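This report concerns only the one structure given below.
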Amino acid sequence: MKEIYFSGRKLKGRLLFLLMIASIIRCNAINERSDTAVVSGQQEKNIIRTAANITPSARQLRWQELEFVAFFHFGINTFTNREWGDGKEDPALFNPTSLDAFQWVESCKKAGMKQVILTAKHHDGFCLWPSKFTEHSVKNSPWKGGKGDVVKEVSEACHKLDMGFGVYLSPWDRNCPFYGDSPKYNDYFVNQLTELLTGYGRVDEVWFDGACGEGPNGKKQIYDWERYYKLIRSLQPGAVIAVMGPDVRWVGTESGCGRETEWSVLPVNAQSQDQIAASSQKDAIFVPQGDMTKQDLGSRAVIENATRLIWYPSETDVSIRPGWFYHSSEDGKVKSPEKLLDIYFSSIGRNSVLLLNIPPDTRGLINENDLKSLFGLKSLIDKIHSVNYAKNATLSSDEGKIAQITDGDNSTYWTTTNEKETGTITIKLNKPGVIDVLSLQENIRIGQRVEKFSFEYLDGSTWKTITSGTTIGYKRLLRFIPVKAQQFKLKIEASRLNPTISELGLYYSKLSDASF
Ligand code: FUL
């Protein structure tokens, strides 16, 4: 009895101890985010190991998988024929004759896009919703007798069509009299943000533009970014905050052309960012700083000098027309499907999300010319992806079984064993085939790792290089002159820890003239 009593107490004590340890581990797990890590003072090997294990947050992963997002630049500029309004416009000018937000969103869905972002307020301060905090808005326009709300119409179309919905809210405001009176404008901005985040259902992306044309003698507004971010996190926890935000980085150009070497793990060096992180317990917030236009943002040489690393993936914004807003003079200057396909390869194909602007016209419709190009692009993309020649091929590797890399599920993947940083995948077709596109994906759920790869074909008994690259990330697409062969080989030549490949596609775009 005694014995049992004692061992029972011991067991109870042990259980309590285990529970205590488990709860400590759990607390640490809650506080420890996988999308950021401190690396200051560490040795090179440890920094690379840490970088390889940084992964996207759930909201970043959802966003990355969208691949293709629409930007709608629409507002008072549409009716004044300008790109940057001065905030002095008469709201009476805003009068679309047949606005149909469903047409906008449905067209984007048909084109293969998964989310839209609307310019709820551009630099002119004119609000596309009837904000309580300004008179510069649709409520003082003749459209729908001042009872209209473009944000409502677009958000409802998105929710109905199962498309993501995002808002662009320009911090720079040329109409608001408080702009430059920092605390007062921050309150005004937070009030507007609150209206947008509480009145329109789920919001998936909040886009803060960094542009400000005030110049050296203009108004100086100190934005309370941390306050804005905390508000978004509490009201719309699933939304990514882009550009002047901690989740999504501007690729650094508006040409549609991203970097060939595009890392999603970047350093955050500024002291102030660590202070902000320390003051925020569970969800550290980093105010983006530094020059996003630099070519090398995440190489070993760059991250080795970092104090902290974060997952900070790139978004490529570009307009289908020369301008961001609609101008009838640009009706003949809409980018062709072929040009858009180049952009597709140099953005989505370079580890980025493509944010393509399609500005609705003065009727309040996506213009026919833009639709033609958009749908033209969609058929080119579909044509390329119609057959994945790797799907029925025999796949082998120096690491064994790899059937899961053509299953369309980017969470199943090939990798190496024993910390091997290189590896080879061989693809043998049933009969010789012609290909001119290689599509690769890493499993970013466990990090971005591949640093160098090459792709070869077997010519007789000699392996010859077709193409090569550096980073892969979420997706890497490469085009090349058509090659006819039966055997191909992907060689991962350098990686940060074990490389992964989650999907591999071999396609024939039939877009070049070469005939076989
Ligand atoms: C820039 C703005 O100034 C343009 O008007 C446009 O909105 C573009 C997406 O961002 O910074």
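Read-outs: derived from the displayed coordinates by stated rules, not from any lab. Predicted model, so just to flag it, every value in this text is computed and none were measured. No Cβ is skipped: glycine too gets one built from the backbone with ideal geometry, and neighbour counts run over all protein chains shown.
The distance between label points at ARG49 and LEU161 comes to 4.9 nm (points 7 Å beyond Cα on the Cα→Cβ vector).
With helices as the sole contributors, the chain gives -8500 deg cm²/dmol at 222 nm; each DSSP H run of n ≥ 4 counts as -39500 (n - 2.57), and the sum is divided by every residue. Placing unit charges on the Cβ atoms only, positive for Lys and Arg and negative for Asp and Glu, gives the chain a dipole magnitude near 1680 debye about its Cα centre.
Using Cα pairs closer than 8 Å and at least 6 residues apart in sequence, work out the relative contact order for the chain, in percent. In percent, rounded to a whole number, it is 16. Put simply, when 35-44, 439-448 are sorted by average Cβ atoms within 10 angstrom per residue, most first, you get 439-448, 35-44. Going by Cα centres, segment 314-352 and segment 468-515 are how many Å apart? Taking the Cα centre of each part, segment 314-352 and segment 468-515 sit 24 Å apart. Eigenvalues of the alpha-carbon gyration tensor of segment 312-354, scaled by 5 and square-rooted, set the equivalent ellipsoid semi-axes at 23, 13, 4 angstrom, largest first.
Ranked by the mean number of other Cβ atoms within 10 Å per residue, highest first, peptides 342-348, 241-247 order as 241-247, 342-348. Which of the lysines could a cross-linker bridge to LYS144, judged by Cα under 21 Å and excluding same-chain residues fewer than eight apart? Candidates past the 8-residue exclusion: LYS121, LYS132, LYS152. Considering only VAL150, SER314, PHE455, and ranking their Cα positions along the charge dipole of the chain that arises from unit charges at the beta-carbon of Lys, Arg, Asp and Glu, the one farthest toward the positive end is PHE455. Of the residues ILE472, GLN486, LEU497, the one whose Cα sits farthest toward the positive end of the charge dipole of segment 394-507, with +1 on the Cβ of Lys and Arg and -1 on the Cβ of Asp and Glu, is GLN486. Working value for the chain: equivalent-ellipsoid semi-axes of 41, 35, 20 Å, each the square root of 5 times a Cα gyration tensor eigenvalue, largest first. Take every DSSP beta bridge whose two residues both sit in the chain; close to 60 percent of them are antiparallel. Put simply, when 109-116, 223-230 are sorted by average Cβ atoms within 10 angstrom per residue, most first, you get 109-116, 223-230.
Using R0 = 35 Å, the C-beta based FRET efficiency linking VAL190 and SER328 works out to 0.40. About the centre of its Cα atoms, segment 394-507 shows a dipole size close to 220 debye [charges on the beta carbon of Lys, Arg (+1) and Asp, Glu (-1) only; nearest 20 debye]. Counting only residues at least eight positions apart within a chain, or on another chain, the aspartates and glutamates with an alpha carbon under 19 Å from that of LYS333 are GLU83, GLU254, ASP317, ASP342, ASP361, GLU368, ASP370.
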